[in-house]
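Engineer: Quick one: structure below, then a few questions.
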Protein chains: 2
Amino acid sequence: MTDTETDTTDLLSRRARALGPTYTLFYDEPLHIVRAEGVWMYDAEGRRYLDAYNNVPVVGHCHPHVVEELARQARTLNTHTRYLAEQPLELAEKLLATMPRDIGNVVYTCTGSEANDLAARISKTVTGGTGFIITDYAYHGATDTIAGMSPEDGAPLGPGVYAVPAPLGTEGAAKFADRVRQCIDLMQAANVKPAALLVDTIFSSDGVVSHPTGFLAEAAAHIRAAGGLFIADEVQPGFGRTGDHMWGFARHGVVPDIVTMGKPMGNGHPVAALAARPELLEAFARHTRYFNTFGGNSVSCAVALAVLHVIEKENLVANARAMGEYLQQGLRKLAQRYSWIREVRGAGLFLGVDLAANPAARLTARQEATRIINDLSRQGVLVGSTGRDSNVLKIRPPLTMVRAEADFLIDALEGSFRAEA
Amino acid sequence: MTDTETDTTDLLSRRARALGPTYTLFYDEPLHIVRAEGVWMYDAEGRRYLDAYNNVPVVGHCHPHVVEELARQARTLNTHTRYLAEQPLELAEKLLATMPRDIGNVVYTCTGSEANDLAARISKTVTGGTGFIITDYAYHGATDTIAGMSPEDGAPLGPGVYAVPAPLGTEGAAKFADRVRQCIDLMQAANVKPAALLVDTIFSSDGVVSHPTGFLAEAAAHIRAAGGLFIADEVQPGFGRTGDHMWGFARHGVVPDIVTMGKPMGNGHPVAALAARPELLEAFARHTRYFNTFGGNSVSCAVALAVLHVIEKENLVANARAMGEYLQQGLRKLAQRYSWIREVRGAGLFLGVDLAANPAARLTARQEATRIINDLSRQGVLVGSTGRDSNVLKIRPPLTMVRAEADFLIDALEGSFRAEA
């Protein structure tokens, strides 16, 4: 074995021993990543990989301003929100300035799972209901309650949780609001009082479903008419990734009751939050207390402020739009050449490439997506797959991507498709 | 108004506006803390406060080695556990080396709430049960499921959750295992299958209940005989605070099925975990996936490794024991002088001072605790209160505390008691 193979074998066996069976790895040949910068990750041998997968390092891996603010605040103070402090207020004010006027308060958590979990708690407490509507291959997080609203991960639906088909295709989108209404009828017939409709504003695990925009407004109106809330899960689409607004719900022209956010908020640092109508938090606070030890701590807030600063200063929302359009052009050209590219979807730098079976290689859609992903990794490009059949390539590079990097991605993809055409 | 008063008024009104009603502050005169170092926190006017409250900065605020490791790793790489990496393995191996042999795997989360929530998920999945036993003023976290096991915060008990009286006093401790057994009988009579017994190994919100040791082993045996698991919540007592072992369960001579940890693990950085018997995780992984985006990320692991390094290098477990004994001596002297100090409890630097009503000042026990806490804050010492009646002073300084700092604390306490004696 080479040194690298020995190293990999050693890490794999230590990992199996110490972390155990809940942990899984990406790619047939797992990567041992040791450093990263901007859109690039580097393995132990110095090979570089264009990171077109991870939607967390939104301003690029190890962005110097973010790292500097992290270190500065960590040297000065890291404490919780039961003392007065500037950082959590400044961050909340900056976040709220990007939101519709009705959304007036921020509550900090550490993860998107905690934000969605708290949104569910608030919904139940405020409405008195227990019924939730999600899409049927959704992922919203890993807490006990939210795992019951995340069929993608294999746990059964929780009590009171109802799933509607994802709004796939123009017809699916047109029917989405009706399906939500029918679901509310079912719920009420079963004496379950509606608490909330919880959806991504680009449906991610359902297969990167981005268009047409607008259908969420009607669905939100139905749940509200039935006494429930509309929760926009912005953990994946939020912070400018969609290239037109800071938040995916804006594309749909709808004002949520609760907005949850996470992954990119700290560019990898564990910080997350929800924003909500103040009346909801008032009603919630009358029933119970909520305190999150690390939520809104000095360092997490300084990091999130640094991320917001970089997004603004480097004009990253506009860049996400421009690079997203550029990538989509490239992907559509590939789709003309390779017939089993069924559809290119997405907005900004949140893109999905929906694959059918590859007739030349006699691979099913899922096998083809797996082949492409592993081949790209060998070529130095990281993407993932999603959707119920794992047949949709999921492309989400840092918002700092430039044309040469987008070209590198498209060229590598072309190479992978051509190899088995 | 002085500049400071203007500053405080401004922060308070911004806070009420942006964060809303779920957020509360410590002390009648809230503190505006701007920096911290070791055991000391400093407010905006440069006044310093001995931090004898926060159990998070276990190696002292802004410890230079921890900050340096945080910054070094953040400059290099921050990614998740789906690539191979050294940091999460080294950390898991170091944590497991402090545990009984049966505990063989670590799963990372970001908060103690997430760790307890995952422990509950695992318990339900593995046992097929839904019944949990907790103490009747417990706090285990803020997720939807764990809020139902945290009566301290005011939410109702969750479905299947049963509370037993905390083991207060020698008699309460002696009866604890019997109460757990009776609770299992009740549960089974109601056709609820036991999933787990979840307790702190120093009962914190129940009033800092530390002694006698040993009674947890019998209670654990009862839940296991009924097919349930024993979860040791080490989020507060863990990482050497009790002054004799790394983990509070060791004081009780019991081996848990699952151990949860959090708060001090990253000295303020959001990192947490559970450790468990590998068979449990195998059974869990057969039913569902679990992935925590930020859990076990490169930076969080580097920070937790730095904290473990400092605990060992600075001999902090032994210091916690020595300083804990020194503080207890001082507190017991006060108890001889001030008759309404009912009991001094605790182990290491996790101490509770149980107050009765102050006859001289005609204050109830709760009022007296509130008076002492606020008076101490004005004297530059931070402590909190806990217990069902909020009448137990909660003292938990960084494990780096030295004698002069302990003397400062005792002198301030003496001053507060004497003022209304």
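Engineer: So which residues in the range B:330-351 are in contact (Cβ under 8 Å) with a residue 24 or more places away in the chain and not basic (Lys, Arg)?
Structural biologist: The answer is B:GLY330, B:LEU331, B:LEU334, B:TYR338, B:TRP340, B:ILE341, B:GLY346, B:ALA347, B:GLY348, B:LEU349, B:PHE350, B:LEU351.
Residue-by-condition table, conditions (1) touching a residue at least 24 places away in the same chain (Cβ under 8 Å); (2) farther than 30 Å from A:ALA155 by Cα:
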site: B:PHE215; (1), (2): yes, yes
site: B:GLY227; (1), (2): yes, no
site: B:HIS245; (1), (2): yes, yes
site: B:ALA250; (1), (2): no, yes
site: B:ALA272; (1), (2): yes, no
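Engineer: If A:VAL106 meets every condition in (1) assigned to a strand (DSSP E or B); (2) more than 8 Å from every other protein chain (Cβ to nearest Cβ); (3) among the aliphatic types (A, V, I, L, M); (4) buried (at least 21 other Cβ atoms within 10 Å of the Cβ) apart from one, which number is that one?
Structural biologist: Every condition holds for A:VAL106 apart from (2).
Engineer: Would you confirm, using the coordinates I've provided, whether A:PRO100 is over 19 Å from B:VAL299 (Cβ atoms) and surrounded by fewer than 22 Cβ atoms within 10 Å (Cβ to Cβ)? Before the answer, list the steps.
Structural biologist: On the way: over 19 Å from B:VAL299 (Cβ atoms): yes; surrounded by fewer than 22 Cβ atoms within 10 Å (Cβ to Cβ): yes.
It is true that A:PRO100 is over 19 Å from B:VAL299 (Cβ atoms) and surrounded by fewer than 22 Cβ atoms within 10 Å (Cβ to Cβ).
Engineer: Please work out which residue is farthest from the chain's Cα centre (by Cα), limiting yourself to the range B:392-405 and to residues that are buried (at least 24 other Cβ atoms within 10 Å of the Cβ) and touching a residue at least 60 places away in the same chain (Cβ under 8 Å). I'd like the intermediate steps shown before the answer.
Structural biologist: Going through the range B:392-405, the residues buried (at least 24 other Cβ atoms within 10 Å of the Cβ) turn out to be B:392-399, B:401.
Adding the requirement that they be touching a residue at least 60 places away in the same chain (Cβ under 8 Å) leaves B:392, B:394-399, B:401.
Working: B:VAL392: 15, B:LYS394: 11, B:ILE395: 12, B:ARG396: 9, B:PRO397: 12, B:PRO398: 13, B:LEU399: 14, B:MET401: 18 Å.
Per the stated criteria, the residue is B:MET401.
Engineer: Kindly provide the set of residues from the range A:352-374 that are outside any loop (DSSP other than H, G, I, E, B), within 16 Å of A:GLY207 (Cα to Cα) and either touching a residue at least 24 places away in the same chain (Cβ under 8 Å) or among the small types (Gly, Ala, Ser) (or both), ordered by number.
Structural biologist: Answer for the range A:352-374, where residues must be outside any loop (DSSP other than H, G, I, E, B), within 16 Å of A:GLY207 (Cα to Cα) and either touching a residue at least 24 places away in the same chain (Cβ under 8 Å) or among the small types (Gly, Ala, Ser) (or both): A:GLY352, A:VAL353, A:ASP354, A:LEU355, A:ALA365, A:ARG366, A:GLU368, A:ALA369, A:ILE373.
Engineer: Tally time: how many residues in the range A:1-26 are under 28 Å from the mean Cα position of the chain (by Cα) and among the basic types (Lys, Arg)?
Structural biologist: Total meeting the criteria: 1.
Engineer: Quick check: is even one residue across the range B:51-67 within 15 Å of B:ALA273 (Cα to Cα) and polar (S, T, N, Q)?
Structural biologist: No; the residues of the range B:51-67 include none that is within 15 Å of B:ALA273 (Cα to Cα) and polar (S, T, N, Q).
Engineer: Is it the case that B:THR8 is at pLDDT below 95 and under 30 Å from B:GLU405 (Cα atoms)? Step through it out loud before you land on a result.
Structural biologist: Numbers: at pLDDT below 95: yes; under 30 Å from B:GLU405 (Cα atoms): yes.
Yes.
Engineer: Report whether or not B:ALA115 is within 19 Å of B:ILE184 (Cβ to Cβ) and touching a residue at least 12 places away in the same chain (Cβ under 8 Å).
Structural biologist: Values: within 19 Å of B:ILE184 (Cβ to Cβ): no; touching a residue at least 12 places away in the same chain (Cβ under 8 Å): yes.
Taking the combined requirement at face value, the residue does not satisfy it.
Engineer: Test each condition in (1) in a loop (DSSP other than H, G, I, E, B); (2) over 24 Å from A:ALA347 (Cα atoms); (3) at pLDDT 95 or above; (4) out of contact with any Lys or Arg (no Cβ under 7 Å at 6 or more places or on another chain) for A:GLY129 and report the one that comes out false.
Structural biologist: (4)
Engineer: Can you confirm whether B:VAL208 is buried (at least 24 other Cβ atoms within 10 Å of the Cβ) and at pLDDT below 95?
Structural biologist: Working: buried (at least 24 other Cβ atoms within 10 Å of the Cβ): yes; at pLDDT below 95: yes.
In short, yes.
Engineer: Here's something else I'd like to know. State which residue is nearest to A:ASN105 (Cα to Cα) when the search covers only the range A:255-309 and only residues that are in a loop (DSSP other than H, G, I, E, B) and more than 9 Å from chain B (Cβ to nearest Cβ). Break it down into steps so the answer makes sense when it comes.
Structural biologist: Here is the first cut: in the range A:255-309, the ones in a loop (DSSP other than H, G, I, E, B) are A:255-257, A:262, A:268, A:270-271, A:277, A:288-297.
If we keep only those that are more than 9 Å from chain B (Cβ to nearest Cβ) as well, we get A:255-257, A:277.
Details: A:VAL255: 14, A:PRO256: 13, A:ASP257: 11, A:ARG277: 6 Å.
The qualifying residue nearest to A:ASN105 (Cα to Cα) is A:ARG277.
Engineer: It is to be established whether one or more residues within the range B:49-64 are touching a residue at least 24 places away in the same chain (Cβ under 8 Å) and surrounded by fewer than 18 Cβ atoms within 10 Å (Cβ to Cβ).
Structural biologist: Let us first name the residues in the range B:49-64 that are touching a residue at least 24 places away in the same chain (Cβ under 8 Å), namely B:49-63.
From what's left, surrounded by fewer than 18 Cβ atoms within 10 Å (Cβ to Cβ): none.
Checked the range B:49-64: no residue is touching a residue at least 24 places away in the same chain (Cβ under 8 Å) and surrounded by fewer than 18 Cβ atoms within 10 Å (Cβ to Cβ).
Engineer: Tell me, please, whether a residue that is within 19 Å of A:ILE395 (Cβ to Cβ) and either surrounded by fewer than 22 Cβ atoms within 10 Å (Cβ to Cβ) or not assigned by TED's automatic domain parsing to the domain that holds A:THR111 (or both) can be found in the range A:167-184.
Structural biologist: Within the range A:167-184, one or more residues are within 19 Å of A:ILE395 (Cβ to Cβ) and either surrounded by fewer than 22 Cβ atoms within 10 Å (Cβ to Cβ) or not assigned by TED's automatic domain parsing to the domain that holds A:THR111 (or both).
Engineer: Now for a separate question. Give just the number: which of (1) part of a loop (DSSP other than H, G, I, E, B); (2) closer than 27 Å to B:HIS287 by Cβ does A:ASN191 not satisfy?
Structural biologist: The failed condition is (2).
Engineer: Looking at B:ILE372, B:ILE410, can you tell me which residue is more than 23 Å from B:VAL317 (Cβ to Cβ) and among the β-branched types (Val, Ile, Thr)?
Structural biologist: Numbers: B:ILE410 fails: more than 23 Å from B:VAL317 (Cβ to Cβ).
After applying the criteria, what remains is B:ILE372.
Engineer: Follow-up question, since we're still on this one. Residue by residue through the range B:147-165, note down the ones that are crowded, with 20+ Cβ neighbours inside 10 Å and facing chain A (nearest Cβ under 9 Å).
Structural biologist: Within the range B:147-165, B:ALA147, B:ALA155 meet the criteria.
Engineer: Looking only at residues in the range B:84-94 that are part of a helix (DSSP H, G or I) and touching a strand residue (DSSP E or B) at 6+ places or on another chain (Cβ under 7 Å), which one is nearest to the other protein chains (Cβ to nearest Cβ)? First the steps, then the outcome.
Structural biologist: Here is the first cut: in the range B:84-94, the residues part of a helix (DSSP H, G or I) are B:86-94.
Filter once more, keeping what is touching a strand residue (DSSP E or B) at 6+ places or on another chain (Cβ under 7 Å): B:88, B:92.
On the way: B:PRO88: 7, B:ALA92: 4 Å.
Across the range B:84-94, the extreme among qualifying residues is B:ALA92.
Engineer: Also: Being buried (at least 24 other Cβ atoms within 10 Å of the Cβ), closer than 14 Å to A:GLU282 by Cα and in contact with a helix residue (DSSP H, G or I) (Cβ under 7 Å, 6 or more places away or on another chain) is the filter; apply it to the range A:122-133 and report the residue that is farthest from the other protein chains (Cβ to nearest Cβ). Reasoning before the result, please.
Structural biologist: If we filter the range A:122-133 for residues that are buried (at least 24 other Cβ atoms within 10 Å of the Cβ), which is where we start, we get A:122-123, A:126, A:131-133.
Add one more test, that the residue is closer than 14 Å to A:GLU282 by Cα, and what stays is A:122-123, A:126.
With the extra rule that they be in contact with a helix residue (DSSP H, G or I) (Cβ under 7 Å, 6 or more places away or on another chain), the set shrinks to A:122, A:126.
On the way: A:ILE122: 9, A:VAL126: 12 Å.
Top of the filtered list is A:VAL126.
The values are calculated or read from the model by the stated rules, or taken from the named source; none is laboratory data. The structure presented is a predicted model; accordingly, all values stated were derived computationally and were not measured. Using ideal geometry, Cβ is built from the backbone for each residue, glycine included, and neighbour counts are taken over all protein chains shown.
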